[in-house]
Structure formats: structure tokens, C-alpha cells
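Visitor: Structure incoming, see below.
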Amino acid sequence: MSEGVEWAVHSCLNLTWLPSGQAVPAAKLAAFYGLPAAYLNKQLQALARAGIVTSASGPRGGFQLARSPETITLLDIVVAIEGADAAFRCEQLLKQGPGADSTVDYRQSCLVSQAMSRADLAWRKELAGQTLAGLKTQVEQRYPATPGNTVNRFTALRA
């Protein structure tokens, strides 16, 4: 996974603590962690295309969540940034090995391919079961000052 996934999850999480209707410019979201604004903006645009955030232009413009945090899963964010393709792609290496059968689809019969597919499915299932709201609750329980600190930091940052 690219670092853009981490940036996107943290940015979305930070947006959960803002008052409803408040948008944050990409420059402030980037400055929050000292990230390159142009690269983070690409991640934010991918999130917008996926319907996870919305963007508005103008003096009060920026990004905000498009849906409630209860309906946004970590898998939604990963897929928005990385795409829906499986992490492992079987290239049917067995077709080049000894005893290969050119009529066999090794993606279906190869035990390595099957194991990797099961692992990918388990990973996706785990991410699909975790919402932004659940993550928000966990952060607030462990670090209760985070919501206020986040809002204050955005207020203090210059866009």
C-alpha cells in the first residue's frame, strides 16, 4: 500500500471532528502533518471521486466528509486510493514450470494463488468491518483531547 492510504485515513479521521458543514482546504489538511499539499490533494481527489469526501471551492471551500463516518469503512478508503484490484495477482507461473499443462487455469488450481486469495479476502473483510466512526470512538477513548486539539490546530493553521 502506498503512503497515500495512511494520509487519506488520517485526513478523513480528522474531518470527523469538525463541526457539520465545515470544510478544510487541502493545504491545511497537508500542513496538519507536514505533508506535500499537491500529493495529498491527489489522494483527496480520489476520495472525492469515490464519494467519501466532497470538495467546494471559494473562501470557505475545502474538503469535508460526504457521508456519515458510520457508513465509511477503511476498505472504502483503501479502494479509493489503491483501486479495487487484489493485492496479489497470479501470473500463472506454473505454466512455465515442469509438467505444465497449457489448458489449466492455474489461478484456480494453484495452491499459492488460493492461499493468497484467501488472505486478500480476509484482509478486505477486516477492513470492511471497520468504520471511520468506530476508529473515531477508539481514538476518543484512548486520547480524549484529540477532537479539541484537531479543531484547534486547523484553526491555527494558515491555508
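The values are calculated or read from the model by the stated rules, or taken from the named source; none is laboratory data. Note that the structure is a prediction, hence the values are computed from the model and not measured. FYI the Cβ positions are ideal-geometry reconstructions off the backbone, even for glycines, and counts take in every protein chain you see. In case anyone asks, the SASA skips ligands and DNA or RNA and just uses the protein heavy atoms, side chains included. Shrake-Rupley method; radii C 1.70, N 1.55, O 1.52, S 1.80 Å.
Visitor: Roughly to the nearest percent, how much of the accessible area of the stretch 74-159 is carbon and sulfur, given a 1.4 Å probe?
Guide: Solvent-exposed carbon and sulfur of the stretch 74-159 make up 54 percent of the total.
Visitor: I've got another one for you. Anyone know which of 11, 109, 117 comes out most mobile in the 10 Å Cα GNM of the chain?
Guide: The residue that fluctuates most here is 109.
Visitor: Taking the chain as the reference, fit the longest principal axis to its C-alpha atoms, fit the long axis of helix 146-156 to the helix C-alpha atoms, and give the angle between the two in degrees, 0 to 90, nearest 10.
Guide: 60 degrees
Visitor: With a cap of 14 neighbouring Cβ atoms within 10 Å, and only residues DSSP puts in a loop, list the trypsin sites (Lys or Arg not before Pro) found in the stretch 72-158.
Guide: Those that pass, being in a loop and sparsely packed, are 89, 158.
Visitor: Please work out which option in (1) 46; (2) 39; (3) 53 gives percent of Cα pairs over 21 Å apart calculated from these coordinates, and answer with its label.
Guide: (3)
Visitor: I want to check the label-to-label distance for residue 3 and residue 54. Put each point 7 Å from Cα in the C-beta direction and report it in nm to one decimal.
Guide: Rounded to a tenth, the inter-label distance reads 3.2 nm.
Visitor: Residue 93 versus residue 123, label points 7 Å from Cα toward the beta carbon: distance in nm?
Guide: In this crude spin-label approximation the distance works out to 1.6 nm.
Visitor: Please compute the per residue accessible area over the stretch 1-101 with all protein chains in place, 1.4 Å probe, rounded to a whole number of Å².
Guide: 54 Å²
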